[in-house]
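Notes for the one structure printed next.
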Amino acid sequence: MVTLLLDQTQLEVVLSMTERALSFHKGNVVVDRSTITKVQLTDDAWTWLRGVPSPGTYLRGVIAMGAWKSAGGTDFALVRRHRASVVIDLEGHDQYERLILTTRHGLALVKALRLDVSDEASDVVDLAAAAAKKPRARKAPAPAPAPAT
C-alpha cells in the first residue's frame with residue numbers, strides 16, 4: 001500500500017522496494033503542493049489510465065505501476081486490482097500531469113490537503129485524524145422568536 005507524507009510545501013508518495021521495482025522508479029515521487037490542482041476519489045482507477053506504460057508494469061485488472069505516456073502527458077500510476085483510489089491532477093510539475101494511486105486513505109488525503117500542516121512531513125492519515133479530534137467552535141443558538149400577540 002502507498003504511504004503518503006505531507007508537509008507545508010510538498011506531498012511525497014513513498015514507494016516500497018517492490019513498488020520501485022515494478023514501476024521502474026528509483027525514488028519516491030515528490031510533488032509540490034502548489035502544483036496540485038485537483039484531487040478526486042474514485043472506486044475504479046482503471047478508467048483513469050491513459051496511454052501506455054513506459055516504463056512500467058501492467059497486468060490487466062491486477063496491477064498498473066509506473067509512468068504512463070499519452071498525448072495528454074505523462075501520468076504516474078500505482079493501481080492494484082479494483083480498489084478505492086485517488087486521482088491527483090498536477091499543473092507545472094516537471095515529470096507528471098497526473099498521479100493515480102490505489103489507497104484506502106484517499107479521503108484522509110483530501111482532508112489533509114485542506115489543512116495548514118507543519119514543516120515536518122507527516123502521514124496523511126495522522127493529519128486527518130488529528131484534525132478530526134480538534135473541537136469545533138459552536139455557533140450560539142439563535143434567539144427564540146417573539147410570541148405572537
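The values are calculated or read from the model by the stated rules, or taken from the named source; none is laboratory data. Just so we're clear, the structure is a prediction, and the values are computed from it rather than from any experiment. Neighbour counts are summed over all protein chains in view; Cβ atoms, including those assigned to glycine, are modelled from backbone coordinates with ideal geometry.
For the stretch 91-111, which residues satisfy the criterion of being of a type in the set (D, E, K, R), surrounded by fewer than 22 Cβ atoms within 10 Å (Cβ to Cβ) and closer than 15 Å to V31 by Cβ?
Just the residues of the stretch 91-111 that are of a type in the set (D, E, K, R), to begin with: 91, 94, 97-98, 104, 111.
If we keep only those that are surrounded by fewer than 22 Cβ atoms within 10 Å (Cβ to Cβ) as well, we get 91, 94, 97, 104, 111.
Correct list: E91, D94, E97.
Can you report the number of residues in the stretch 1-26 which are at pLDDT below 90 and more than 16 Å from the chain's Cα centre (by Cα)?
Residues that pass the stated criteria total 0.
Out of the strands (runs of 3 or more DSSP E) lying entirely within the stretch 66-129, which hold 2 or more residues that are farther than 19 Å from T37 by Cα, modelled with pLDDT of 85 or more and aliphatic (A, V, I, L, M)? Steps first, please.
Working: elements: 73-80, 85-90, 98-102.
Because the criterion is at least 2 residues that are farther than 19 Å from T37 by Cα, modelled with pLDDT of 85 or more and aliphatic (A, V, I, L, M), the strands (runs of 3 or more DSSP E) in the stretch 66-129 that meet it are 73-80.
Applying the selection to the stretch 52-76, what residues are surrounded by fewer than 15 Cβ atoms within 10 Å (Cβ to Cβ) and more than 24 Å from H105 (Cα to Cα)?
V52, S54, P55, S70, A71, G72
List pairs: first residue in the stretch 51-80 and under 15 Å from L99 (Cα atoms), second residue outside any strand (DSSP E or B) and among the polar types (S, T, N, Q) anywhere in the structure, Cβ distance under 7 angstrom, at least six positions apart or on different chains.
Close Cβ pairs satisfying both conditions: G56/S23; M65/S23; G66/S23; T74/Q95; L78/S23.
Test each condition in (1) in a strand (DSSP E or B); (2) out of contact with any His (no Cβ under 7 Å at 6 or more places or on another chain) for V31 and report the one that comes out false.
(2)
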